[in-house]
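Chemist: Here it is, the structure in full.
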Amino acid sequence: MVRRTAVAALSIALLLVLAGCGGSQVTTARWDHSPDGDGATSPSSDPDGIEVSGGNLSVDPDAVWERVLALRGLDADPPSLLFLDDSGEGPDGSLSAGAPAPGFRRALGVDAAAGNGTLLGYVESPYIVHLTPAATAAGPSTVEYVLAHEFVHVTQFRVGAYGSVYEVVPESHDGETAGGAVTEGAAEYVAIRYVDRHLPANSSAARRANATAWRRSYLNASGERRLSLMTYYFGLRHVDRRVTGPADLDAVYRTPPRTTEALIHGDAPGSRYPPSLTVDRRGDGEWESVAEPTRMGELFVRGVLGTELPEERAAAGADGWGNDRRLALADGDARGYVWALRFDDGANATEFAAAFGAYLNATDGGPREANGVRFRVERPRPGLVVLVFGDGSFRSTVSVDAPRERYVVVET
C-alpha cells in the first residue's frame, strides 16, 4: 500500500527558449495522495478508446497510449477520460503540493511564487488525465509529448510503481523527493524515447525533450522552480544510468535511491544511509511545533544555494552532506526555524557555512535579513552547522548546543 502522504509527482518537462526569448512552460502530473485500490484496471474503460472531453484534440490519444505501451513492453488498460481544461490550474491551483512548512522556504528566500511557469497537464487519478489550453496551443508535437509523459504515469499505477518506490524511501522531505525523482525521471525518460522514435527531429518537442535542455533550464531558474527542475533533471539522469531501455524500468522502481544524496551522486542502491543526527527540542516556552521535523536532503541544500550562487559553488557547498533535521515552530503568527546540518567533516561544514553566508547576501534587493527574517549561524561542533532563523525574537531567545557528536539540543 502506498503511504498516504502527499505524493506530489510534479513532472516539469518543457522549458524552452524560442526566437531568442526565454520562457517556460510546465507539464505537471500529480496527485495529492495515492488512490484507493491498486489502479491496475480502470473501472470504466471505454472499449472504443479514451474519451476526450472539453474540445477537440490535435492528436489521437489512443495511438499515443499504444505507442507508450509498446515502448514499455506492457499490456494495460488506458485512462478513461482525457479532459481539455479551460484553466491553467491543477487540482488545487498550485504546482507545489506537499511542500513541508512552506514558511520555511519563504524564510530562506526560496519563494514558491517566483516563476512557477505554465501548467500544461496533470494526472488527476489513475483514470483521468488533464491538458490545459497552454498545451493544446503549443502545437501537436507538444501535445503528443505531454500525453506520452502523462501516460507513463498512468502505467506506473498499473504496474504498482508507486507502491514499490514509496515502500522503500523514508518518510521525509528528502525521501519523498528521491522517490518522486524516480517516478518523474522514468516518465520523462520514456517520453524522450517516444519523441526520438515518433516525432520529427526538428519538432518543438524534440528540442525540449533531452537531458541537456533539462540541465540548462534548472541552471537558469531560481527559487522553488529551480528545486523542482533539479528533481526531474537528476531523476532523469538517475534512470538513464540504470536502464538500457524503457522496458527495464521495473528494477528502478524496486530499488530507488533512499536519499537525494544517492540520487545526485549515483550511489548503488543501499550503499549508504545518512549517519544519525538527533535534534532534541527542550523548554516550556511559547514556541510550539507547527510541522513534523524532517530531513530536507542534499538536493534541497544545493538548490537553495544555487538560487543565488553559481552552480559550481552551490554543489561544493552542499557536497559532503551527511544528514540534516529541520524544526518549524510558531508563537502565534510569528515563525521560527532551526535547521541542523551534519557534514562528513569540518572542512565540508565550513564550506557550506561560507556558501550560505554568501547566499544570504547575494540577493538583488540586499541581504535576506532586510526582508524581516533574522538569521544566526551556529557551529557547535566541527562537522555541524545549525541555522536559527525567523522572527527576530525567535533568533534572540533560542539556544543551541551539541553536547555529543550527532546530538543537538535546542532550547526554546
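Chemist: Looking only at region 213-261, which residues are touching a Pro at 6+ places or on another chain (Cβ under 8 Å) and not in a loop (DSSP other than H, G, I, E, B)?
Modeler: Once the filter is applied, which keeps residues that are touching a Pro at 6+ places or on another chain (Cβ under 8 Å) and not in a loop (DSSP other than H, G, I, E, B), region 213-261 yields HIS238, GLU261.
Chemist: Can I ask one more? When only residues in region 329-354 that are modelled with pLDDT under 95 and among the hydrophobic types (A, V, I, L, M, F, W, C) count, which is farthest from SER172 (Cα to Cα)?
Modeler: Out of the qualifying residues, it is ALA334.
Chemist: Name every residue in region 166-179 that is of a type in the set (D, E, K, R), open to solvent by 10 Å² or more (accessible area, probe 1.4 Å) and either assigned to a helix (DSSP H, G or I) or farther than 30 Å from PRO275 by Cα (or both), in order of residue number.
Modeler: GLU176, the sole residue that qualifies.
Chemist: Which residues, counting only those in region 132-174, are within 21 Å of the chain's Cα centre (by Cα) and within 14 Å of ALA205 (Cα to Cα)?
Modeler: Hits for region 132-174 are TYR145, VAL146, LEU147, ALA148, HIS149.
Residue-wise test of (1) open to solvent by less than 10 Å² (accessible area, probe 1.4 Å); (2) polar (S, T, N, Q).
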{"position": "ARG158", "(1), (2)": "no, no"}
{"position": "SER164", "(1), (2)": "no, yes"}
{"position": "ALA181", "(1), (2)": "yes, no"}
{"position": "TYR189", "(1), (2)": "yes, no"}
{"position": "ARG208", "(1), (2)": "no, no"}
{"position": "THR212", "(1), (2)": "no, yes"}
{"position": "ARG216", "(1), (2)": "no, no"}
{"position": "LEU227", "(1), (2)": "no, no"}
{"position": "ARG237", "(1), (2)": "no, no"}
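Chemist: Within region 362-405, work out how many residues are within 23 Å of GLY283 (Cβ to Cβ) and either buried (at least 17 other Cβ atoms within 10 Å of the Cβ) or of a type in the set (Asp, Glu) (or both).
Modeler: So the count comes out to 21.
Chemist: Give the number of residues within region 128-156 that are open to solvent by 10 Å² or more (accessible area, probe 1.4 Å), outside any helix (DSSP H, G or I) and β-branched (Val, Ile, Thr).
Modeler: The qualifying residues number 1.
Residue by residue, here is whether (1) under 14 Å from PRO246 (Cβ atoms); (2) out of contact with any Lys or Arg (no Cβ under 8 Å at 6 or more places or on another chain); (3) in contact (Cβ under 8 Å) with a residue 60 or more places away in the chain; (4) not aliphatic (A, V, I, L, M) holds:
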residue	(1), (2), (3), (4)
VAL165	no, yes, yes, no
HIS173	no, no, yes, yes
GLU176	no, yes, yes, yes
GLY179	no, yes, yes, yes
ALA186	yes, yes, yes, no
ARG193	yes, yes, yes, yes
HIS198	yes, no, yes, yes
SER203	no, yes, yes, yes
ARG208	no, yes, yes, yes
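Chemist: Restricted to region 110-127, and to residues that are surrounded by fewer than 21 Cβ atoms within 10 Å (Cβ to Cβ) and in a strand (DSSP E or B), which residue is modelled with the lowest pLDDT?
Modeler: It comes out as THR118.
Chemist: When you scan region 285-313, how many residues do you find that are assigned to a helix (DSSP H, G or I) and crowded, with 17+ Cβ neighbours inside 10 Å?
Modeler: 10
Chemist: Does region 326-336 include one or more residues that are surrounded by 17 or more Cβ atoms within 10 Å (Cβ to Cβ), part of a loop (DSSP other than H, G, I, E, B) and in contact (Cβ under 8 Å) with a residue 12 or more places away in the chain?
Modeler: no
Chemist: Answer with yes or no whether ALA316 is of a type in the set (A, V, I, L, M), out of contact with any His (no Cβ under 8 Å at 6 or more places or on another chain), part of a strand (DSSP E or B) and open to solvent by less than 60 Å² (accessible area, probe 1.4 Å).
Modeler: no
Chemist: Okay, moving on. Of a type outside the set (Phe, Trp, Tyr), modelled with pLDDT of 95 or more and over 21 Å from MET230 (Cβ atoms): is that true of VAL279 in this structure?
Modeler: Yes, satisfied.
Chemist: Which of (1) over 26 Å from ALA135 (Cα atoms); (2) out of contact with any Gly (no Cβ under 9 Å at 6 or more places or on another chain) does ALA201 not meet, given it meets every other one?
Modeler: (1)
Chemist: For ALA355, work out the one condition from (1) crowded, with 21+ Cβ neighbours inside 10 Å; (2) in contact with a strand residue (DSSP E or B) (Cβ under 8 Å, 6 or more places away or on another chain); (3) of a type outside the set (Asp, Glu); (4) without any contact (Cβ under 8 Å) to a residue 60 or more places away in the chain it doesn't fulfil.
Modeler: (2)
The values are calculated or read from the model by the stated rules, or taken from the named source; none is laboratory data. No experiment lies behind these values; they were computed from the predicted model shown. Here Cβ is always computed from backbone atoms with ideal geometry, including for glycine, and neighbour counts include all displayed protein chains. For the accessible areas, the whole protein counts, side chains as well, though only heavy atoms, and no ligand, DNA or RNA atoms are used. Shrake-Rupley method; radii C 1.70, N 1.55, O 1.52, S 1.80 Å.
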